[in-house]
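Everything below concerns the one structure shown next.
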Amino acid sequence: MQMEEQEERVKGSRKWDRVIEESKPYILCIFCNVCFAGYNIVSKVALHKGMSRYVLVVYGYAFGTLATALFAFLFERKNESKINVQILRNVFFLGLLGGALGSTLYYMGLEYTSPAFTSAMANMTPSITFILAVLCRMEQFDISKPGTQAKIGGTLAAFAGATLMTLYKGVAVITMHTKSSHQTAGTSKSSTDAEWLKGSLVLIVSYSSFAASYILQTSTIKMYPAPITLTSLTCLSGTLLSTIMAGILDHKASSWKLSWNTLLAPIYCGTVIYGITFYVQTLVVITKGPVFTTAFRPLATIVVAIMGLLILGEAIYLGSVLGAFLIVLGLYATLWGKKKEKEKKSMDHGISQQAIDINLEK
């Protein structure tokens with residue numbers, strides 16, 4: 001009797017460990033998108049107070065380099081992976097695509113628009129990443145298979161939900177009824193249509209650059225399996241390249257001065273986003289791939305709407321609620337498609353293994 005109880009406990013413990021292990025990528029992706037939501041608001045405040053977008057990128061990546069270098073020394077100093085010319089080339093382009101180009105254009109688009117709009121536009125990232133992954137043969141694309149159909153439908157639904165949140169307000173469902181909320185709503189409309197259009201186009205290029213960096217990151221981590229060190233090298237590359245860009249495009253010495261009002265943004269961007277979040281994303285990319293990682297990006301739009309309500313006093317409108325529903329539906333469809341493809345791949349592998357075993361017996 002005691003043996004049976006002990007076996008049941010062992011089985012229950014193993015089952016629970018398996019559930020935790022399978023849940024890790026989902027929890028990590030949700031954590032990343034909560035961080036990205038805060039990133040939108042903190043960066044917008046710093047830019048609104050006059051901080052240069054070019055300098056913000058430099059300081060952000062500099063803080064990210066210091067934070068990740070410390071962790072790399074503590075946890076990966078025994079890393080035996082060798083750095084070759086190909087890895088250095090990839091690190092250069094990771095710093096260019098995700099740092100100097102992607103982040104600078106992101107801040108430019110954020111200046112011209114709003115945190116909610118910027119976060120909503122980020123929902124194009126899964127679609128762009130999926131297209132690039134298919135072109136690079138990292139993702140299966142067979143329109144006749146349910147998994148592919150679900151991923152296509154999911155990315156389109158998430159993008160439609162983000163678009164609905166941006167373009168349609170409707171009646172206010174939840175509001176704080178504070179004076180600051182009306183002031184915020186008024187200031188959010190101060191941008192001209194030309195600036196809004198310019199910001200939209202810039203954000204499209206920015207998120208395309210980020211999507212390309214996810215694809216490159218996936219192949220690089222296979223060649224150099226040291227995620228913290230790779231993140232640190234990427235931040236260093238981003239720091240150097242963005243410093244060169246800032247030196248060319250922003251000649252004012254006053255732009256490099258940090259005040260207490262603007263210090264939070266580069267520290268948050270450097271440690272939380274460029275350091276912790278990029279590293280966590282690398283861990284997810286290793287196990288789940290770039291499409292799975294970016295599929296959770298729409299959640300940041302919902303978090304930004306909630307943070308806007310609680311922190312900035314902005315109301316939540318009917319369009320936001322309907323858009324959030326489409327985003328969650330699209331996210332579920334994309335993840336369901338990924339799960340179906342994984343099950344099909346495992347089944348095909350099992351059938352092939354059985355065929356090999358039968359041939360060997362013969």
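The values are calculated or read from the model by the stated rules, or taken from the named source; none is laboratory data. Note that the structure is a prediction, hence the values are computed from the model and not measured. FYI the Cβ positions are ideal-geometry reconstructions off the backbone, even for glycines, and counts take in every protein chain you see.
Name the single residue that is farthest from residue 101 (Cα to Cα) among those in region 194-249 being aromatic (Phe, Trp, Tyr) and in contact with a helix residue (DSSP H, G or I) (Cβ under 6 Å, 6 or more places away or on another chain). It comes out as 224. Please work out if residue 174 is of a type in the set (A, V, I, L, M), exposed (fewer than 14 other Cβ atoms within 10 Å of the Cβ) and in contact (Cβ under 8 Å) with a residue 12 or more places away in the chain. Answer is yes for this residue.
Yes/no per residue for (1) touching a residue at least 60 places away in the same chain (Cβ under 8 Å); (2) more than 13 Å from residue 28 (Cα to Cα); (3) outside any helix (DSSP H, G or I):
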{"site": "258", "(1), (2), (3)": "yes, yes, yes"}
{"site": "262", "(1), (2), (3)": "yes, yes, yes"}
{"site": "266", "(1), (2), (3)": "yes, yes, no"}
{"site": "276", "(1), (2), (3)": "yes, no, no"}
{"site": "285", "(1), (2), (3)": "yes, no, no"}
{"site": "292", "(1), (2), (3)": "yes, no, no"}
{"site": "307", "(1), (2), (3)": "yes, yes, no"}
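Residue 44 meets all of the listed conditions (1) closer than 21 Å to residue 258 by Cβ; (2) outside any helix (DSSP H, G or I); (3) among the basic types (Lys, Arg) but one, namely (2). Are any of the residues in region 135-145 closer than 30 Å to residue 46 by Cβ, modelled with pLDDT under 85, of a type outside the set (A, V, I, L, M) and surrounded by fewer than 16 Cβ atoms within 10 Å (Cβ to Cβ)? No, region 135-145 contains no residue that is closer than 30 Å to residue 46 by Cβ, modelled with pLDDT under 85, of a type outside the set (A, V, I, L, M) and surrounded by fewer than 16 Cβ atoms within 10 Å (Cβ to Cβ).
Condition check: crowded, with 23+ Cβ neighbours inside 10 Å, touching a residue at least 60 places away in the same chain (Cβ under 8 Å), within 26 Å of residue 167 (Cα to Cα) and not hydrophobic (A, V, I, L, M, F, W, C). Does residue 68 satisfy that? When the stated conditions are applied, residue 68 does not pass them.
Each row is one residue, and each column tells you yes or no for (1) at negative phi; (2) touching a residue at least 40 places away in the same chain (Cβ under 8 Å); (3) touching a Gly at 6+ places or on another chain (Cβ under 7 Å).
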{"site": "55", "(1), (2), (3)": "yes, yes, no"}
{"site": "60", "(1), (2), (3)": "yes, yes, yes"}
{"site": "64", "(1), (2), (3)": "yes, yes, yes"}
{"site": "74", "(1), (2), (3)": "yes, no, no"}
{"site": "80", "(1), (2), (3)": "yes, no, no"}
{"site": "87", "(1), (2), (3)": "yes, yes, no"}
{"site": "99", "(1), (2), (3)": "yes, yes, yes"}
{"site": "102", "(1), (2), (3)": "yes, yes, no"}
